[in-house]
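This report concerns only the one structure given below.
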Amino acid sequence: MRDLVATWMRAAERIVVLTGAGISAESGIPVFRGADGLWRRYRPEELATPEAFRERPSLVWEWYLWRRARIAEARPNAGHDALARLARRRPGVTLLTQNVDGLHQRAGTERPVELHGNLWRVRCAAGCGMSVLDAHDRPPRAELRCACGAWLRPGVVWFGEQLPADAVAAAIEAMEQANLVLVVGTSSVVYPVAALPAMAARRGARVVEVNVEDTPLTGAADAVLRGPAAAVLPALEEAL
Ligand code: BJW
C-alpha cells in the first residue's frame, strides 16, 4: 500500500497534507479524544468553549498554561520532520493543520495554515484588537489581563466559533486544486475541517489516511496507511 501511495504522490502536482493531534502524539502531546484526552476530570470539549472561558477563565487558562508547558518541553518528531522535508522538496505541497502547538513550524515547515489558531497567541477576549504571539522560549505571560482591562484569551478556535477566514479560504483553495490529500492523525469528527477531504475527493483527488485506528474518513479513503505518523511518514518519504 505504501508503494502505491508513493506512486500517487510522485504523480501528484499538488498535494495537501491535513494534520491533527495524532501527529504530535509521539512528541508527548496528548490527543483530545480517547482515554488520554482527559485533563483532571474535564473533557477537552468542556474546556475548549467560549462558555467555559466566560464562566471559569482561570480554570481554562490553567489548562492552556499546562499544555504550553508540555509543548515547550516537547520536540517535533520524525513525522513533523518528514512533512517539513516534503514541503521543502516539492513546491506544490500545502500543509493544513488543526494543531495549535506550533510543532510544524519548529520542524521547519514555513507558514502552515493554522485552522484552529495557535496556543502561543494571546488576544483580548473583549475584542479590543490586541493580539500578540508569545515567544516560545520564554515562560508564558503571567499577566492575563489586556491593557484595556478585559481578560486575555488564548488565540485558538473554540467550539461554536468561526475559524479564521484567511485560513479557511487558503484551505478551500488548496483542496480545490489538490491531486492528493494526506490526512494524518485526526479523528475527522470536528467540522468544518472534517469536510475538507471530501471537497477534494469530489474533484477527483485521491485521499490517503494515516492513523493508528479507523475514523469516519476511513471508509471513504482511497488508501489507509495504518500506524503511528512518526513511523509511517518517514517510511513513505523513503519510498518516494
Ligand atoms: C494518531 C497517533 C499517531 C493518535 N499517529 N495518528 C457539522 C456537523 C456537526 C457539528 C458541527 C458541524 N459544523 C460545526 C459543528 C460544531 C463543531 C463540531 O464540529 N462539533 C463536532 C465535535 C460534532 N464545530 C465548531 O464548533 C467549529 N466552529 C464552527 O463550525 O463554527 C461555525 C460558525 C458559523 C457561524 C457563526 C459561528 C460559528 C469550531 C471547531 C473548533 C475546534 N477546536 C478544538 C480546540 C482548539 C483549541 C485547543 O487546542 O484547545 O480543536 S477542539 C479539538 O478538536 C481541537 C482539534 O484541532 C480538533 C480536532 O481534533 P483532532 O486533531 O482530530 O484530535 P483527536 O484527539 O480527535 O484525534 C486524534 C487522532 O489521532 C485519532 O484519530 C487517533 O487515532 C490518531 N492518533 N496517535 C497517527 N501516533
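Every number here is computed from the coordinates shown, using simple stated rules; none is lab data. The structure presented is a predicted model; accordingly, all values stated were derived computationally and were not measured. Glycine also receives a Cβ, built like all others from the backbone with ideal geometry; neighbour counts cover every protein chain displayed.
Computed from the alpha carbon atoms alone, the convex hull of segment 6-137 holds 130 Å³ per residue. Rounded to the nearest 10 degrees, the inclination of helix 57-73 to the longest alpha-carbon principal axis of the chain is 50 degrees. Against the chain, whose longest principal axis is taken from its Cα atoms, helix 165-177 shows a tilt of about 0°. Among MET1, MET9, the order by Cβ neighbours within 10 angstrom, fewest to most, reads MET1, MET9. Per residue, the average separation of C-alpha pairs within less than 8 Å and at least 6 apart gives the chain a relative contact order of 26 percent. Computed over segment 21-86, the percent of Cα pairs more than 20 Å apart is 37. Each Cα pair under 8 Å and six or more residues apart adds its sequence gap; the mean of these over the residue count of segment 2-120 is a relative contact order of 29 percent.
Taking only the alpha carbons of the chain, we obtain Rg and Dmax values of 17.9, 57 Å in that order.
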